[in-house]
Amino acid sequence: MQNELYEQYLQLLAEIEGVITQLNEVEKRKIDAVHKDDLLAVDECIRQEQAISLTMRSLESRRRKQLTELGLSEVKLSGLAAAFPDDLRQQAAVAAERLQNAYHDYNSISAAARNALERGLREIDRMMQPPQPVQPPEVLRATAQAAQTGGLKSAPKLEGNAAKPGGEDNTQPRKKLDFGA
């Protein structure tokens, strides 16, 4: 009877490994979707991740319960094989290693997906920023001169009917607009 509980626990570990592997595949698809700017595919991946996370919660609850039944609730995955009966020790070592590898892969793939999403969000944020006003060449030259000499000696003057359609005089200073930026 006791060996049966250990074998059930090993089956549960294999099931958890399978779900983590499934999650890894979703993460890879999400990275691909982000690179292709396919928001619908990204959204679908996020939905799949949510469903998988519910499955993982259920499996984790079962895992804790079975560990308690085996009297191994304080045993870490890395020390699992040593706590198993001799005839199942090798299987426990293999199961623990496979699960650790799947989890390590998940951490790597998940970090890459998070970075790709963050990069995409930064690009969207940049696109949403209002465009910077284009300075006329006279202002750019005066700004460059001020930077070289340590101050602006005189403001550039625009001549007569300069730069404004309709020919009105543009030599009067304009009121600065403040958009709260």
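The values are calculated or read from the model by the stated rules, or taken from the named source; none is laboratory data. It should be emphasised that the depicted structure is a prediction, and the values quoted were computed from it without experimental measurement. No Cβ is skipped: glycine too gets one built from the backbone with ideal geometry, and neighbour counts run over all protein chains shown. Side chains included, ligands, DNA and RNA excluded: accessible areas come from the protein's heavy atoms. Shrake-Rupley method; radii C 1.70, N 1.55, O 1.52, S 1.80 Å.
Per the Kirkwood formula applied to alpha carbons, the stretch 1-106 shows a radius of gyration over Rh ratio, Rg over Rh, of 1.09. Computing FRET efficiency as 1/(1 + (r/R0)^6) for GLN2 and GLN22, where r is the C-beta to C-beta distance and R0 is 22 Å, gives about 0.10.
Full extension of the chain between TYR106 and GLU69 yields a length gain of 10.5 nm, computed as 0.36 nm times the residue separation minus the alpha carbon distance.
Each residue, ASP86 and ARG57, gets one label point 7 Å from its Cα in the Cβ direction; the gap between the two is 4.4 nm. The GLU44 and GLU97 beta-carbon pair, evaluated with R₀ = 25 Å, returns a calculated FRET efficiency of approximately 0.20. With a Förster radius of 41 Å applied to the C-beta separation of ILE124 and GLU15, the computed FRET efficiency comes to 0.60. The GluC sites (Glu not before Pro) of the stretch 1-102 that DSSP puts in a loop, and whose beta carbon has at most 15 other beta carbons within 10 Å, are GLU74.
Every pair of different Cα atoms in the stretch 8-58 enters the Kirkwood calculation, which places the hydrodynamic radius at 11.6 Å. Figure note: LEU13, LEU121, LEU5 ranked by solvent-accessible area, largest first, 1.4 Å probe, ligands and nucleic acids not counted: LEU121, LEU5, LEU13.
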